[in-house]
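Notes to accompany the following structure.
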Amino acid sequence: MNLFPFYNNPPVLVFENTMSKSIKIPDCYYPKEAALVTPTGQTPDHTIYLSNLDDQIFLRFSIKYLYLFKRGVGVESLKASLSKVLTDYYPLAGRLKASTQNGEKLELDCNSEGALFAEAYVSISVDQFLEGSRRPNISWRKLLYRVEAESFIGIPPLVIQVTHLACGGMILCTAISHCLCDGIGTAQFLQAWAHITTKPDTTLPISPFHGRHMLKPRNPTQVTSSHPEFTYAASQEPVSVLLSQFLQCQQLVPVSATFTFSQILKIKKLCIPSLKCTSFEALAAHVWRSWAMALDLPPSLPVKLLFSVNVRNKLKPGLPRGFYGNGFVLACAESLVDQLVSSNGHYSVKLVKEAKESVSDERVRSVIDLLDERKGKPDLSASLVISQWSKLGLEDLDFGEGRALHMGPLASEIYCIFLPVVGDFYGFTVLMSVPEKAAAKFEQFLNLY
């Protein structure tokens with residue numbers, strides 16, 4: 001049976017957008033229905049409490065990763081290892097449900113119902129995908145099995161699609177509920193799955209820690225800090241609301257730029273006087289300024305930069321080794337537009353550093369207590385949000401046929417992702433979608449250093 005019926009006469013796979021090539025994925029062929037993969041061993045049958053960091057409304061979505069491998073791995077082998085690793089990571093085989101004590105909160109029913117696994121074929125090659133892989137487009141969503149559900153909680157916490165390519169390569173797409181894991185947690189799970197695939201008779205290097213009790217709110221709650229990362233309806237600036245509405249109704253296009261270590265050093269040198277900072281701090285500040293300049297925002301508009309900060313080692317005591325739930329809070333840097341765009345790199349880097357350093361045990365506890373009162377949500381009105389996917393080991397995944405040639409998201413969003421660069425540990429790829437009219441200017445400013 002020919003599983004690649006169009007390969008000898010393939011459809012047009014690559015199109016030009018305003019910025020660069022992006023491969024258009026043809027329809028996938030599914031030889032059989034998607035199936036549930038359940039844990040091999042006996043698992044606890046109980047309900048897991050989700051912390052307030054897990055159960056934020058803005059995290060009610062799945063983190064979607066796309067991996068491209070030069071050579072495929074046997075599907076039965078992947079299923080067998082997945083079944084085995086789910087014995088340790090059994091919450092990913094469970095189902096989200098409304099809390100019996102508070103209908104606004106979610107909890108996790110560890111019922112071992114299983115992860116959803118789909119196998120597909122598509123008429124493209126590894127080289128074709130790599131040629132147009134810099135910026136995702138809507139057709140890439142075909143590479144992840146679509147689950148029909150009435151709401152987010154009806155979708156299994158773990159959905160996987162393995163897509164065989166005509167050249168023998170493989171695309172692996174995963175969707176992991178953000179209510180269960182953050183970026184560090186997803187990397188930990190995926191590395192565990194790859195480990196069991198290649199070394200089935202060994203134990204996991206890191207055993208997962210499932211509990212969230214150390215992140216429970218205080219009684220009584222004590223909001224002891226101001227939290228500019230959150231917004232309250234009555235306090236929103238009218239101009240900020242208009243900006244948010246403007247961005248939501250614009251035609252968005254993805255913009256991507258890759259920065260090597262030497263290029264990041266050049267960005268650091270823009271700090272006058274010099275300021276000791278990490279690569280992330282320097283690049284985050286640079287992207288924030290570039291974003292504000294490209295959108296040509298009003299000079300007097302207050303803008304924010306929101307970015308995730310890992311709190312595993314900031315809490316006292318720290319979170320246990322192997323904790324894979326949401327162990328981050330949002331840090332917030334603030335500035336008026338004219339100060340942000342007219343100053344050199346020192347000003348914006350200093351703001352990012354101060355925001356990052358402000359995250360302490362007490363501030364995290366204050367966030368948890370604030371969320372328990374259900375009063376605030378992240379301020380996205382005039383904010384750039386950065387999600388860090390680099391330095392987590394996501395790009396190192398190897399199921400036995402070599403590491404991925406490409407790792408990235410399934411879609412480009414209005415928030416910014418700092419992606420790892422395959423083969424360059426110190427590099428970053430910046431990816432985000434901006435209004436089409438601002439895309440060329442944004443790319444120009446990103447490359448101006």
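The values are calculated or read from the model by the stated rules, or taken from the named source; none is laboratory data. Keep in mind that what you see is a predicted model, and the values were worked out from it rather than measured. Glycine gets a Cβ as well: all are built from the backbone with ideal geometry, and neighbour counts include every protein chain shown. All accessible areas refer to the heavy atoms of the entire protein, side chains included, with ligands and DNA or RNA removed. Shrake-Rupley method; radii C 1.70, N 1.55, O 1.52, S 1.80 Å.
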Considering only residues that are farther than 30 Å from Ser300 by Cα and hydrophobic (A, V, I, L, M, F, W, C), look in the range 379-404 and name the one that is most open to solvent (accessible area, probe 1.4 Å).
Leu392
Which ones in the range 1-41 are modelled with pLDDT of 95 or more, more than 24 Å from Asn137 (Cα to Cα) and loosely packed, with under 13 Cβ neighbours inside 10 Å?
Pro31, Lys32, Glu33, Leu36
State the number of residues belonging to the range 42-79 that are part of a helix (DSSP H, G or I), surrounded by 16 or more Cβ atoms within 10 Å (Cβ to Cβ) and touching a residue at least 60 places away in the same chain (Cβ under 8 Å).
2
I'm trying to understand the selection: among the residues of the range 343-388, which are basic (Lys, Arg) and within 30 Å of Ile267 (Cβ to Cβ)?
Lys350, Lys353, Lys356, Arg363
Being assigned to a strand (DSSP E or B) and within 22 Å of Glu354 (Cα to Cα) narrows Lys316, Lys304, Lys266, Lys276 down to just Lys304
Helices (runs of 4 or more DSSP H) completely within the range 333-422 that count 2 or more residues being charged (D, E, K, R) and either free of Cβ contacts under 8 Å to residues at least 24 places away in the same chain or under 26 Å from Cys277 (Cα atoms) (or both):
345-357, 361-372
Any residue that is acidic (Asp, Glu) and under 25 Å from the mean Cα position of the chain (by Cα) - is there at least one of those in the range 71-87?
no
Any residue that is modelled with pLDDT of 95 or more, in contact with an Asp or Glu (Cβ under 9 Å, 6 or more places away or on another chain) and not small (Gly, Ala, Ser) - is there at least one of those in the range 408-415?
no
